[in-house]
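Nothing in this text is a laboratory measurement; each read-out follows from the coordinates by a stated rule. None of these values were measured; they are calculated from a predicted model. In this analysis, Cβ positions are derived from the backbone assuming ideal geometry, glycine residues included, and neighbour counts consider all displayed protein chains.
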Amino acid sequence: MTNHWIDLKNADVILIMGSNAAENHPISFKWVTEAQKNGATLINVDPRFTRTSSKADIYTSLRSGTDIAFLGGMIKYILDNQLYHEEYMLNYTNAAFIVGQGFGFKDGLFTGYDDKKRSYDNAKWAFELDDKGVPKKDSTLKNPRCVFNLLKAHYERYTPKLVSTVTGTPEDKLIEIYKTYGATGKPGKAATIMYAMGWTQHTVGVQNIRSMCMIQLLLGNMGVAGGGVNALRGESNVQGSTDQALLFHLLPGYLPMPSASIGSLAAYNEKFTPKSNDPRSANWWQNRPKYTVSLLKSFFGDKATADNDFGYGWLPKIDDGKPYSWLDIFDAMYAGKIRGFFAWGQNPACSGANSNKTRQAMAKLDWMVNVNLFDNETGSFWRGPGMNPADVKTEVFMLPACVSVEKEGSITNSGRWMQWRYEGPKPLGNSRPDGDIILELGLKLKELYAEGGTFPDAILNLKWDYMSGHRYDPHKVAKEINGYWLQDKTIGDVTYKAGTLVPSFALLQADGSTSAGNWLYTASYTEKGNMSARRGQEDAPNNIGLYPEFAWCWPVNRRIIYNRASCDPKGQPYNPDRWVVKWDAAAKKWTGDVPDGGWPPLQNPDGSPNEAGRYAFIMTKEGHGQIYGPGLKDGPFPEHYEPLECPIEKNLVNGQRMNPVAPVYGSDADAHLTCDPRFPYVGTTYRVSEHWQTGLMTRPQPWLMELQPQMFVEMSEELAKMRGIKNGERVLVSSARGEVQCTAMVTKRFKPFKIGGAVIHEVGIPWHFGWRWPESGAEESANLLTPSTGDPNTRIPESKAFMVNVTKL
Amino acid sequence: MAKAFFIDTTLCTACRACQVACKQWHDLPAEETQNLGTHQNPPDLSDKTYKLVRMNERVIDGQLRWLFFPEQCRHCIEAPCLEALGDPAAIYRDPDTGAILYTRQTAQYDADAIIESCPYNIPRKGADGSVYKCDMCNDRVHNGLLPACVQACPTGAMNFGERDAMLEMANQRLAVVKAKYPQAMLLDPEYVSVIYLAAFPPENYHEFAIASRTPVGVTRHMALRKMVRPFAAALSRLG
């Protein structure tokens, strides 16, 4: 989230699309309800009428996988009706930037496409630079190559009529929603978006979200109270795990993962440190080398020195251009290329797309270690459906972990709040905190590598000193993440003593004098104490629900990021009633939330430019919010493509049926069939309030099983009638990859869509089940049906739109 | 002063935290259920389920509505069950909270008659012959805690407090909600300690949402008079 949960109450319009907040983030509705009580309009767009829809002021449906068409239509509506916030757009976004001649778009393809590699050369999409190397701008927006005009031209095709025929959403509903949402382009109004996996789990997942970012930038809804782009994370600590780089392409704190060709720290810094020639761009990532060296010092301690590149050479390197995502790991495992596997706090046999492939892949391992609370479908895969234990060579080890309430540490919630939690009951039996398990594993590895092995330095030089009394010490780890002064250092007139904690990431150094396990968290645990353990109940002076002394939030306790964009160029808030920050010209400082940098605003009180001012979007190289985004793998503007499997033969918007750069896998377990009469219905997956994740913690819980005892498939009354299916009877749902028994829930909450003149049906299934529990073994995972494909940027699987059949049992 | 609930169904998201919290506080076992083609489960109240979120899909004025009704004992101001039975050892009213409480002594009586005396069709017979229902978490309330269902509610649909305060809250919300839902109403507010706010006519939520829709087809006062006789007969049989 750019904002945070409480801030939802400040919105004038809330759009819930790509999430089902009432069911899957029930507590969020405390704040959604508060906003509605204050007069906010709640809009919900979902293929199926959900518990969220039941509370919406405006609900409409769309076919799964057509969000870009829907949102592209909104962009066009905002432009056609001049609903954008012009001052905001000109000052804070790249709308006025001139795009170079290399950019073009034709028949669904952007320039730079290589059809053999199925990838783009995105250097073609660069801005036109002036002689100083700064992007050219046209603040009159007359230049046909400026972002604003290219945007207009790109979305010209997205008429309500075309959008309706792609999405199945009635035209009058489209207009009603565009109008309501677009009305927040007025200065002082705010709209927010609450999205989750309904947007990410697509071959166009990143571009779904990009579309919304562009809308928020056009309307001036970024950085303001009640605005932002808000991802509702699927577990209490998913944000924390992302920050700590539980992703193959990142190191902690969103530092890029080095690849094999980047042989030295200097080369790494050269490649990944953006340079801006615009003196008014803060270009915050210019500080990246400080964060990288501080991270290396944290990993390798005294062993990391300037002479040895601070141990850069000991970091693992990925092969250039090679993805190591979930889909790729299991593809390699299925091909027999992986010998051992730690399944840690997860249940791949049920949780990832195309579970039959995943389960078969695990049978090709020599060994697997399952670290979890209980045995699950993964640990017991060898005795699961379709497996003959005698044929499975994989040796499985189970390490019982204790549950979160039995251990101390922090979680970071969707709103970026790091919150400290304490140990409640002691770990049950021989179960142990994950921290203990991984620390001991590391010590054992060090012991073994001390005897020899391939490239032992990487392991032997790890600092690995996070224990107190032979136990994992969460405070030591939290302090390590914050970072220390490693030498006495005087900056300005303050001397920081070696061994003390660094108070802010602005002080981190590239010379080896500081450490930080994650620069974004520097300031979370300082000499003043553990900031995340704070429980202050007082609001900030702007009284918008920031509660700055309750827990701690990255970065530097800034509760709403990009917050300087909530003000006009003189630093005065667009909304004086719900202001986030404002510039006090006399005192020469910002008040309210922690500002996005302390520089003055772009203009003096008399409107003259203030050269000391910096642009509002400090994390982009140019300092501007990116309406045009040249950095992605699949284009600078989002474009509608059909899912890998879809119900229509042709993309009705352009000549490319599916995202031309989305990954497609070729093993015998990766079957996919589009527009095939054997699988005529759109299928989608989702969660219910009553279960969590793959159900490991909820399916053995009788009170929750009472509420949702069985796998089900929701379908319209029209489809049920056509297939002769009665409500409550068991049916078989199948795809090109597998089949699952379900109880039919025939409901008015699903309606057939009219797509390109044809009637298209969609059905939906929850993903929480698996054969291991309930004991009948009859309630299986929805992921037996989902395909091995995903977003080209993130490679998250496309679990939200695929094709199925439904037959009577 | 007696306590009351105010349940604003317009804010209920059917997360069913109340339903589970009730089971947890009362240490009630789960029922063996099946998916019967609806998210609502269990299908009905029972001696193991005192609180049930009923879920109904309705098309009202051409618009689809999914209506949620967190059902529980109304703790009537003049409770027909209590008055009909006339045995405070089996059914009594806590004078401090207004909770209508059933004891194991209900097993001494005809359970069906007790159930039928309820205009809201709430009590259910247990395997031991006694009759079970919501007890307002009377033990929690006496110790300064909210009822478990209210404590668990994330949206403010479930509220609990002094009756006057709850009535005031109910009337205030009704005035606000009427702007969006002109047919909105409070359900039997003068008779019960569990005051529901419904956006649409009550029969859309549940057959027994209000007392006048009981199968006996009479007002609750009439129902009360009709039920007295069989109870008196039962009492005389027990000697």
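Remarks
- Distance cut-off 14 Å, percentage of C-alpha pairs in the stretch B:40-94 lying past it: 67 percent
- Mean projection area, nm², convex hull over Cα of the stretch A:699-769: 5.8 nm²
- Percent of C-alpha pairs per 10 Å bin, the stretch A:587-733, short to long: 8, 18, 19, 20, 17, 12, 6, 0
- Computed over the stretch A:121-226, Cα set: Rg, Dmax in Å: 16.6, 50
- Simple Cβ-charge dipole of chain A, Lys/Arg +1 and Asp/Glu -1, about Cα centre, in debye nearest 20: 820 debye
- In angstrom, the C-alpha Rg and Dmax of the stretch A:26-81 are 13.4, 37.
- With all projection directions averaged, the alpha carbon convex hull of the stretch A:490-609 covers 9.1 nm².
- Here the Karplus curve 6.51 cos²θ - 1.76 cosθ + 1.60, taken at θ = phi - 60°, turns the phi angles of the stretch B:12-26 into couplings of 6, 9, 6, 6, 6, 4, 4, 5, 6, 4, 4, 4, 5, 5, 8 Hz, with x standing for Gly and Pro.
- Spread of Cα-to-Cα distances over 5 Å intervals beginning at zero, given as percent, for the stretch A:224-325: 2, 11, 17, 20, 18, 15, 10, 5, 2, 0
- Order of A:Asp676, A:Asp391 under a 10 Å beta carbon neighbour criterion, fewest first: A:Asp391, A:Asp676
- Rg/Rg_globular for the stretch A:288-328, with Rg_globular taken as 2.2 N^0.38 Å and Rg from C-alpha atoms: 1.44
- Alpha carbon convex hull of the stretch A:115-173, volume per residue in cubic angstrom: 151 Å³
- Long-range Cα-Cα pairs in the stretch A:657-778 (distance over 21 Å), rounded percent: 48 percent
- Set against the 2.2 N^0.38 Å expectation for a compact globular protein, the stretch A:454-503 has a Cα radius of gyration ratio of 1.50.
- Amide H contacts of A:Lys407: A:Gly424, each under 5 Å away and 5 or more positions distant or on a separate chain (H built 1.01 Å from N in the peptide plane; Pro and chain starts excluded).
- Working note: Cα gyration tensor of the stretch B:99-218, eigenvalues times five, square-rooted, sorted largest first, giving semi-axes of 28, 21, 11 Å.
- If you bin all the Cα-Cα distances of chain B at 10 Å, starting from zero, the percentages per bin are 7, 32, 38, 19, 4, 0.
- Around the amide H of A:Gly790, modelled in the peptide plane, lie the amide H atoms of A:Glu798, all under 5 Å away and 5 or more residues distant in sequence or on another chain.
- Radius of gyration over Kirkwood radius for the protein assembly as shown, both on Cα atoms: the Rg/Rh ratio is 0.98.
- All lysines inside 16 Å of A:Lys142 as judged from Cα atoms, apart from same-chain residues fewer than 8 positions distant: A:Lys152
- Size-normalised alpha-carbon gyration radius of the stretch B:77-136, reference 2.2 N^0.38 Å: 0.99
- Plainly put, the stretch A:297-437 has a radius of gyration that is 1.05 times its Kirkwood radius, both from alpha-carbon atoms, as the Rg/Rh ratio.
- Hydrodynamic analysis of the stretch A:337-418 uses the Kirkwood radius over alpha carbon pairs. Inserted into Stokes-Einstein at 25 °C and 0.890 mPa s, it gives a translational diffusion coefficient of 175 µm²/s.
- Cα gyration tensor category, rounded, prolate or oblate, for the stretch A:718-809 with a/c compared to 1.5: oblate
- Cβ charges +1 (Lys, Arg) and -1 (Asp, Glu), total dipole of the stretch A:52-109, debye: 220 debye
- Sorted largest first, extent of the stretch B:41-172 alpha carbons per principal axis (Å): 49, 32, 23
- Convex hull volume of the Cα atoms of the stretch A:366-498, normalised per residue: 206 Å³.
- Positive-end extreme of charge dipole, the protein assembly as shown - chosen from A:Ser355, B:Leu82, A:Gly631 (charges on Cβ): A:Gly631
- Its alpha carbons considered, the stretch A:299-354 gives a radius of gyration followed by a Dmax of 16.5, 48 Å.
- Kirkwood Rh (inverse of mean 1/r, distinct Cα pairs), the stretch A:150-198, angstrom: 12.8 Å
- Residue order for A:Lys726, A:Lys407, A:Lys446, fewest other beta carbons within 10 angstrom first, comes to A:Lys726, A:Lys446, A:Lys407.
- Once backbone amide H atoms are built at 1.01 Å from N, B:Ile60 has B:Arg65 as its partners under 5 Å, excluding neighbours fewer than 5 places away on the same chain.
- Long-range tail of P(r) for the stretch A:562-658 (Cα pairs > 17 Å, %): 61 percent
- In sequence order, calculated HN-Hα J values of the stretch A:245-259 (Karplus, 6.51, -1.76, 1.60; Hz; x Gly/Pro): 6, 7, 9, 6, 9, 10, 9, x, x, 6, 8, x, 6, x, 10
- Seen from every direction in turn and averaged, the convex hull around the alpha carbons of the stretch A:166-298 projects onto 12.1 nm².
- Per-residue HN-Hα couplings for the stretch A:166-174 [Karplus 6.51, -1.76, 1.60; θ = phi - 60°; Hz; x = Gly/Pro]: 7, 8, x, 7, x, 4, 5, 5, 4
- Placing unit charges on the Cβ atoms of the charged side chains and taking the dipole of the stretch A:221-362 about its Cα centre, the candidate lying farthest along the positive direction among A:Asn308, A:Ala245, A:Ala231 is A:Ala231.
- Check: the stretch A:444-556 dipole with +1 on Lys, Arg Cβ and -1 on Asp, Glu Cβ, in debye: 240 debye
- Neighbour counts of other Cβ atoms within 10 Å put A:Lys497, A:Lys179, B:Lys48 in the fewest-to-most order A:Lys497, A:Lys179, B:Lys48.
- Across A:Lys317/A:Lys633; A:Lys186/B:Lys180; B:Lys48/B:Lys178; A:Lys476/A:Lys589; A:Lys322/A:Lys476; A:Lys124/A:Lys621, pairs whose alpha-carbon gap is larger than 28 Å: B:Lys48/B:Lys178; A:Lys476/A:Lys589; A:Lys322/A:Lys476
- Ranking A:Met398, A:Gln419, A:Trp382 by Cα position along the charge dipole of the stretch A:367-443, where only Lys, Arg, Asp and Glu carry charges on their C-beta atoms, puts A:Gln419 farthest toward the positive end.
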